[in-house]
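Asker: Here's a structure for you.
The values are calculated or read from the model by the stated rules, or taken from the named source; none is laboratory data. For clarity, every value in this text was computed on a predicted model and none was experimentally measured. Here Cβ is always computed from backbone atoms with ideal geometry, including for glycine, and neighbour counts include all displayed protein chains. Accessible surface areas use protein heavy atoms only, side chains included; no ligands, DNA or RNA. Shrake-Rupley method; radii C 1.70, N 1.55, O 1.52, S 1.80 Å.
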Amino acid sequence: MTAPLERGADTILALEDIHLSYGELHVLRGVSLTVRRGEVVVLIGPSGGGKSSLLRTVNVLQPITRGRILLEGEEISAGGVDEDTIRQRVGMVFQQYHLFPHLTVLKNLTLAPRRVFREPAAEAEVRARELLARVGLSEKAGHYPDQLSGGQQQRVAIARALMMKPSVMLFDEVTSALDPELVGEVLGVMKDLAKSGMTMLVVTHEMGFARDVGDKVVLMAEGVVVEEGPPSQVLVDPKSERTRQFLARTQHA
Amino acid sequence: MGETLLDDLPALLNGLGNSLLVSAIGITVSVVLGIALGAARNAGVPVLSQAIAVYVNVFRCTPLLVQIFMLYFALPEIGIRLSPFQTSWIALALWGAAYHTEIFRAGFKAVPPAEILAARALGMPARRTFLDVTLPLGLRATIPAATTMAIGQFRSSSFMVVVGYQELTYVANGLVSQTFRVFEIFGMAALMYFLTCTLIGAASRGFETWLRVPGTRTAR
């Protein structure tokens, strides 16, 4: 299932034959994937299939065992790269938000750009307030994370990642911890982000989002890419039996 | 030394002042050392981490009184002569830092790894992440335990009677041997220790409330 590798200027992220093992456990078994500028690639598949592990390798939170990862043409999987600089270019949003509990919403947003880019506080705050307006949380700037609902916290987490002006945003099951009625507000923010042209790699169980927002849907299972293509094909008329099985199960759920 | 307790009060207060002085220095040094050593232990810095573990073990597993004797009577044999005042605050600092190291190490370890991961995922370097995330969250969690230790250090300043430092217990003891009013004078000294420790405890709880993050249930 290895897609031909494009290394044009519009390729933001190229994964080549990624392998990852935790001891005996072979989590990723040769995954190749390309994400182009402005593209929304949605990773679906059963739990334990390696989707979240793949995201962590892209943000160099998890070193890979074999293969290559290219971010905007530059290899980031080799030894000796500056992990911090790479992470500044790859935004990540987690399932459990992971906001800094001791800082206000505004400070959650401004901390990293101030520390990493030495951005002046006033400038960072202006940008933070713009982003908070964009995710519909202007009035929450002075609140602490624990005073917010899960959906609000997750929107803050998205804004916090955007503060670093990343080249690509990774979303790791960001609605899975939310009450059903809060899922919509987070997906709405992600849709707007996709419309604004942000490059996104999204792990989700939300088939509606995959269908409506995804440019490409990738089904991963047992550490390999089973099938990939436009949502109209993968979700509606899948070629692989494994994909059909997975979709049948999610529709019954 | 007078007829009544009132006449002895200035001397006792002077002793209390000296107790507070060595305690303040000793506690401050030990807390700063404890944070630094606890952080190094938490980070698992090779060699340094093992050296700190040995230091902690030595000072936790020998009596404070023996440590004071070593500083005051044994060190001169290798040419290091400390005054009673120096011995007092150094002993409180070295002994206390061993405990504070463990207290802060535990506090830093209790910070959820996910918060640290979130900072690293934003591209914040490890040292910066420690200062902005691990330290402020870890310190909040350690206030009650560190306060208990600080109170213990202040009370243990009475051990300095053995090197002749003019702290509260030394002064009280002197007054008793001259006046034989044992109950009144030691009672007064005990009350002074008690009130000071109560104040330290109250200040610590106030500090905790002041640092409490609005909305958190866990900090209560």
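Asker: Looking at the structure I just gave you, is A:Ile64 among the hydrophobic types (A, V, I, L, M, F, W, C), open to solvent by less than 20 Å² (accessible area, probe 1.4 Å), under 22 Å from the mean Cα position of the chain (by Cα) and within 30 Å of A:His19 (Cβ to Cβ)?
Answerer: The answer is no for A:Ile64.
Asker: Does at least one position in the stretch A:104-120 carry a residue that is open to solvent by 10 Å² or more (accessible area, probe 1.4 Å) and under 27 Å from A:Glu206 (Cα atoms)?
Answerer: We begin by selecting, within the stretch A:104-120, every residue open to solvent by 10 Å² or more (accessible area, probe 1.4 Å); these are A:104, A:106-107, A:111, A:114-120.
Subset that is under 27 Å from A:Glu206 (Cα atoms): none.
No, the stretch A:104-120 contains no residue that is open to solvent by 10 Å² or more (accessible area, probe 1.4 Å) and under 27 Å from A:Glu206 (Cα atoms).
Asker: For the stretch A:123-138, give me each residue that is free of Cβ contacts under 8 Å to residues at least 12 places away in the same chain and either in contact with a strand residue (DSSP E or B) (Cβ under 6 Å, 6 or more places away or on another chain) or open to solvent by 70 Å² or more (accessible area, probe 1.4 Å) (or both).
Answerer: First, pick out the residues of the stretch A:123-138 that are free of Cβ contacts under 8 Å to residues at least 12 places away in the same chain: A:123, A:126, A:130, A:133, A:138.
Of everything in the stretch A:123-138, those that are free of Cβ contacts under 8 Å to residues at least 12 places away in the same chain and either in contact with a strand residue (DSSP E or B) (Cβ under 6 Å, 6 or more places away or on another chain) or open to solvent by 70 Å² or more (accessible area, probe 1.4 Å) (or both) turn out to be A:Glu123, A:Val126, A:Glu130.
Asker: If you don't mind, another one. Of all the residues that make up the stretch B:120-129, how many are more than 32 Å from the chain's Cα centre (by Cα) and open to solvent by less than 40 Å² (accessible area, probe 1.4 Å)?
Answerer: Within the stretch B:120-129, residues that are more than 32 Å from the chain's Cα centre (by Cα) and open to solvent by less than 40 Å² (accessible area, probe 1.4 Å) number 4.
Asker: Is there a residue in the stretch A:155-167 that is open to solvent by 50 Å² or more (accessible area, probe 1.4 Å) and in contact (Cβ under 8 Å) with a residue 24 or more places away in the chain?
Answerer: Taking the stretch A:155-167 first, the residues open to solvent by 50 Å² or more (accessible area, probe 1.4 Å) are A:165.
So of that shortlist, the ones also in contact (Cβ under 8 Å) with a residue 24 or more places away in the chain come out as none.
No, every residue in the stretch A:155-167 fails to be open to solvent by 50 Å² or more (accessible area, probe 1.4 Å) and in contact (Cβ under 8 Å) with a residue 24 or more places away in the chain.
Asker: If you take the residues in the stretch A:104-121 that are free of Cβ contacts under 8 Å to residues at least 24 places away in the same chain and touching a Phe, Trp or Tyr at 6+ places or on another chain (Cβ under 8 Å), which one is nearest to the other protein chains (Cβ to nearest Cβ)?
Answerer: The selected residue is A:Leu111.
Asker: Here's a follow-up. Kindly provide the set of residues from the stretch B:103-112 that are of a type outside the set (A, V, I, L, M) and either within 10 Å of chain A (Cβ to nearest Cβ) or not in a helix (DSSP H, G or I) (or both), ordered by number.
Answerer: Answer for the stretch B:103-112, where residues must be of a type outside the set (A, V, I, L, M) and either within 10 Å of chain A (Cβ to nearest Cβ) or not in a helix (DSSP H, G or I) (or both): just B:Pro112.
Asker: Of the residues that make up the stretch A:33-53, is at least one part of a helix (DSSP H, G or I), of a type in the set (Lys, Arg) and either farther than 22 Å from A:Asp215 by Cα or within 14 Å of chain B (Cβ to nearest Cβ) (or both)?
Answerer: No, because not a single residue in the stretch A:33-53 is part of a helix (DSSP H, G or I), of a type in the set (Lys, Arg) and either farther than 22 Å from A:Asp215 by Cα or within 14 Å of chain B (Cβ to nearest Cβ) (or both).
Asker: Would a scan of the stretch B:168-186 turn up a residue that is surrounded by 16 or more Cβ atoms within 10 Å (Cβ to Cβ), within 14 Å of chain A (Cβ to nearest Cβ), modelled with pLDDT under 95 and over 17 Å from the mean Cα position of the chain (by Cα)?
Answerer: no
Asker: Still on this structure, I have one more. Only one of (1) within 14 Å of chain B (Cβ to nearest Cβ); (2) at pLDDT 95 or above fails for A:Gln147. Which number is that?
Answerer: (2)
Asker: Next up: Where the second residue is in a loop (DSSP other than H, G, I, E, B) and open to solvent by 30 Å² or more (accessible area, probe 1.4 Å) and the first is over 23 Å from A:Arg87 (Cα atoms) and lies in the stretch A:171-193, which pairs have Cβ atoms under 6 Å and are six or more apart or on separate chains?
Answerer: Sorted first by the residue in the stretch A:171-193, then by its partner, the pairs are A:Ser176/A:Gln95; A:Ala177/A:Gln95; A:Ala177/A:Gln96.
Asker: While we're on this one: Going through the stretch A:227-248 one residue at a time, which ones are in contact (Cβ under 8 Å) with a residue 60 or more places away in the chain and either in contact with a Pro (Cβ under 9 Å, 6 or more places away or on another chain) or open to solvent by 60 Å² or more (accessible area, probe 1.4 Å) (or both)?
Answerer: Within the stretch A:227-248, A:Glu227, A:Phe246 qualify.
Asker: Do you know which residues across the stretch B:194-211 are in contact (Cβ under 8 Å) with a residue 24 or more places away in the chain, within 14 Å of chain A (Cβ to nearest Cβ) and not acidic (Asp, Glu)? Walk me through how you get there before you give the answer.
Answerer: The initial filter retains those residues of the stretch B:194-211 that are in contact (Cβ under 8 Å) with a residue 24 or more places away in the chain, namely B:196-197, B:200-201, B:204, B:207-208, B:211.
In the following step, the residues that additionally are within 14 Å of chain A (Cβ to nearest Cβ) were identified as B:208, B:211.
Residue satisfying the conditions is B:Leu211 alone.
Asker: Here is a list: A:Leu61, A:Leu55, A:Leu99. Which entry is modelled with pLDDT of 95 or more and of a type in the set (A, V, I, L, M, F, W, C)?
Answerer: A:Leu99
Asker: While we're looking at this one, here's another question. Return yes or no: is A:Val81 of a type outside the set (Phe, Trp, Tyr), within 14 Å of chain B (Cβ to nearest Cβ) and surrounded by fewer than 17 Cβ atoms within 10 Å (Cβ to Cβ)?
Answerer: It is true that A:Val81 is of a type outside the set (Phe, Trp, Tyr), within 14 Å of chain B (Cβ to nearest Cβ) and surrounded by fewer than 17 Cβ atoms within 10 Å (Cβ to Cβ).
Asker: Kindly evaluate A:Gly50 against the criterion of being modelled with pLDDT under 95, on the phi > 0 side of the Ramachandran plot, of a type outside the set (A, V, I, L, M, F, W, C) and open to solvent by less than 40 Å² (accessible area, probe 1.4 Å).
Answerer: Yes, satisfied.
Asker: Take the residues in the stretch A:92-103 that are at the interface with chain B (Cβ under 8 Å from one of its Cβ atoms) and either in contact with a strand residue (DSSP E or B) (Cβ under 7 Å, 6 or more places away or on another chain) or on the phi < 0 side of the Ramachandran plot (or both); name whichever of them is surrounded by the most Cβ atoms within 10 Å (Cβ to Cβ).
Answerer: For the stretch A:92-103, the residue satisfying everything is A:Met92.
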